[in-house]
Structures are given as C-alpha cells and as structure tokens.
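Here's the structure, in structure tokens; my notes come after.
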Amino acid sequence: IKDINSDDRGVVNAVNCLTVDKCMAAGSVILADKKKKQLIMLTSRDGGRYWQPNYNITNLPSSMIASTVNAIICHNKSCLASGNYETSDNSRLPMILKSNNGGDNWQFISSIKNFPDDYNNTSLNKLSCNNNDCVISGINNASLLTIVSHDKGTSWSYLQENIFPQFMKYPKINSVTFVDNTCIMIGDYHDNQDKSQLLFLISKDGGHSWT
C-alpha cells in the first residue's frame, strides 16, 4: 500500500469493487508519525494488487480526532460508506460518506434527520442499498438503531419507530440485505433469561416500515 509504512498500524473493515479492476477499501490507520487513529480510504485500479490511500474527503467535522469505516457499498458510480468518528470529549458519533464518482472523491454527510442528540456512543456497522433505498444498522451503547435513505444516500433519517424487541441484552445486527424492495436484517440478542435468541426484521417497502 503506497505511503503506508511498516511502523504504521491499521485495520481494513470493508471492501467493495465497482469493476474487475477498480476496488475500494476502508478502515482506520494509526500513522507512526502522527500517533492517532484516522480514517483511511484505499483505491485499487488493478483488481486489488496495488492500493493507494485516497484523502479526497470533504466536509469532515473539525471536531473529529479519530474515525473508522465499517461498511462500504457501490452501485454504478454511486458509493456509500458508514462508520463512526470520535471527538475530543470522548463522544463516538455516526459517520456516513458518499461518493458520486466511483470513490474518487468522498463527502461527509453532516446531517441525519431526527437523530437523538444524546446518542454519543454510536457506531454504524451494516449497510445495504437497492435503487433509491438504503438502510444502515448500528448501535448506541446497548441499543440497536436504524438509519434510512430514500434518495440514494444523499439525505438520511433516524428511524424513530421502535422496531426491536423490548428487552434485549447484547444485541447485534450481523447482516443487512436487499432483494428488490424487500430489506432483511438478521442478528441475535439475549433475552431476559439470558438465552440467545435470533433476530429477524423485514421491510417490504424499502425500509419505510418494519416487522
């Protein structure tokens, strides 16, 4: 990987390819000379043999001191990435990045409609899209959350409806996927008797309503 040295440490959490040649990966890296964790976006134009860091990311919050990407997805030239960033007051906040040119340039999405102000330990982990509809699953402390977009990821809204079981310990969503307008989230949790339970959620209208 160009410009990444043996003394640097990092992790790549997500990868997606637009073509057999062009691929993108993302995660976080701690550069030895800077001593802090920062977002890293990587681009390959030869099918994953050679990777180059991509720093063309605009609108990043000035309060950001560390960040990571947990999921990345592309369709045609539209790409989305989700994760979280950290601030100096130890808050961990949601991060959504969007690219309209196949990952060459990225923009931080600065607003999520209805997102609770007191959600300051958040990570956005799983991401899936179909046409205009996109769904991101995440977690704040021990509470699952869902964020949806119906314009290819340009604007996002926090799903205020409580679609999850009332009592859940250690909940997590393991996968989110679309088949046409149907979106399915699967995961697991522990119930009030501390027994592990499967979690299945389905939306048949692109993420507007869930059962």
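Modelled label positions at Asn141 and Ile163, each set 7 Å beyond Cα in the direction of Cβ, lie 2.2 nm from each other. The label-point distance for Tyr170 and Arg9, in a model that sets each label 7 Å from Cα toward Cβ, rounds to 2.6 nm. Charging the Cβ of each Asp and Glu at -1 and of each Lys and Arg at +1, and nothing else, the dipole of the chain about its Cα centre rounds to 380 debye. In the assembled protein chains, Val20 presents an accessible area of approximately 130 Å² (probe radius 1.4 Å). What the range 20-152 shows is 46 Å² of accessible area per residue, with the surface traced by a 1.4 Å probe over protein heavy atoms. Here's the picture: a label point sits 7 Å out from the Cα of Leu198 along the beta-carbon direction, and within the range 157-180 the residues with their amide nitrogen under 17 Å of it are 165, 172-177. Overall, the accessible surface of the chain at a probe of 1.4 angstrom is composed of carbon and sulfur to the extent of 45 percent. Taking all protein chains together and rolling a 1.4 Å probe, Cys129 ends up with roughly 40 Å² accessible.
Among the protein heavy atoms, those of Arg9 account for about 150 Å² of accessible surface (1.4 Å probe, every chain in place). In percent, rounded to a whole number, the relative contact order of the range 40-195 is 15, using alpha-carbon pairs under 8 Å and six or more apart. Counting only the backbone N, which residues of the range 152-183 are under 18 Å from the spot 7 Å out from the Cα of Asn76 toward its beta-carbon? Under cut-off, by backbone N: 152-155, 180-181.
For the pairs Lys126/Lys195; Lys172/Lys195; Lys113/Lys169; Lys98/Lys126; Lys77/Lys204; Lys113/Lys172, flag any whose C-alpha to C-alpha distance is greater than 19 Å. With Cα atoms farther than 19 Å apart: Lys126/Lys195; Lys113/Lys169; Lys77/Lys204; Lys113/Lys172. Surface listing: Ser110, Ser157, Ser137 arranged by accessible area from highest to lowest gives Ser110, Ser157, Ser137, probe 1.4 Å. When all protein chains stay in place and ligands, DNA and RNA are ignored, the 1.4 Å accessible-area order of Thr43, Thr211, largest first, is Thr211, Thr43.
The values are calculated or read from the model by the stated rules, or taken from the named source; none is laboratory data. In this text, all values refer to a predicted model and were calculated from it rather than measured experimentally. Cβ coordinates were reconstructed from backbone atoms using ideal geometry, including for glycine residues, and neighbour counts include every protein chain displayed. Areas reflect the complete protein model, heavy atoms only, side chains present, ligands, DNA and RNA absent. Shrake-Rupley method; radii C 1.70, N 1.55, O 1.52, S 1.80 Å.
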